[in-house]
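Working notes, structure below.
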Amino acid sequence: MFATHDLPVFILSGLLLNITPGADTLYVITCAANKGWRAGVAAAFGISLGCYVHIFAAALGLSALLATSSSAFVGIKLLGAAYLLYLGLGMLFRHSKISKQLPADTPLSLKKIVLQGFLTDALNPKMALFFLAFVPQFIEAGANDKFLAFLFLGVIFNINATLWCLILAGFTAYFRHKTGPLPGKIWLSRLVGLVFILLGLKLGYSTNTIE
């Protein structure tokens, strides 16, 4: 379909890649654990929107710039690393300042959760390089419209990724509902914040390759 091949292999490979823990997974779990199912869904939606940035950029050939231009890659890489560090530091220190002033279930703007999820994914140049390297392997060399084929595969990948994030949000929120507000969720948030910081440092020091 759309001049693609081995679609079942592509779907299976994408699912295996999606379940690999990363910044997106941690963000969804943290939001669902702290604020419930709606927050987890908002996080998944934001991440999905960020993924579409990479899909369209790669389909239009903009990702090739990241793969070939050292300055462009470094600029976006550092921007993404800085945002992960900002997010991680916020998780580390936010509760130490406001946990005594606000109730545990103070509503958090869903728009803010969506925006943070969007930036977490959209500012990761490794995602752009991933689409550039992975998706073309499943497009026929003689395809008349490679742009459409790329979009088709990219949308399939993102739908599967979003479904996985929604499953994570659902299970996390379910256990939160069964156990009540997590007594250690401040420390969970701090732990995830530390992981975000490590991911940001890893991204900042990584090279122009897909690991």
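Of everything in the stretch 157-176 that is in contact with a Phe, Trp or Tyr (Cβ under 7 Å, 6 or more places away or on another chain) and not polar (S, T, N, Q), the residue that is surrounded by the fewest Cβ atoms within 10 Å (Cβ to Cβ) is Gly170. Scanning the stretch 12-54 for residues being open to solvent by less than 20 Å² (accessible area, probe 1.4 Å), over 16 Å from the mean Cα position of the chain (by Cα) and hydroxyl-bearing (Ser, Thr, Tyr) gives a total of 0. Among the residues that make up the stretch 55-67, is at least one of them open to solvent by less than 10 Å² (accessible area, probe 1.4 Å), at pLDDT below 80 and assigned to a helix (DSSP H, G or I)? Yes, because at least one residue in the stretch 55-67 is open to solvent by less than 10 Å² (accessible area, probe 1.4 Å), at pLDDT below 80 and assigned to a helix (DSSP H, G or I).
Residue-wise test of (1) closer than 30 Å to Ala133 by Cα; (2) among the aliphatic types (A, V, I, L, M); (3) at pLDDT 85 or above.
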site	(1), (2), (3)
Ala3	yes, yes, no
Asp6	yes, no, no
Ile19	yes, yes, no
Cys31	no, no, yes
Ala42	yes, yes, yes
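Looking for something modelled with pLDDT of 85 or more and in a helix (DSSP H, G or I) - is there at least one such residue anywhere in the stretch 104-111? Yes, that holds for at least one residue.
The values are calculated or read from the model by the stated rules, or taken from the named source; none is laboratory data. Here the structure is a predicted model, which means the values were calculated and not measured. A quick note on method: Cβ atoms are made from the backbone with ideal geometry, for glycine too, and the neighbour counts reach across all protein chains shown. The area values use the complete protein model at the heavy-atom level, side chains included, leaving out ligands, DNA and RNA. Shrake-Rupley method; radii C 1.70, N 1.55, O 1.52, S 1.80 Å.
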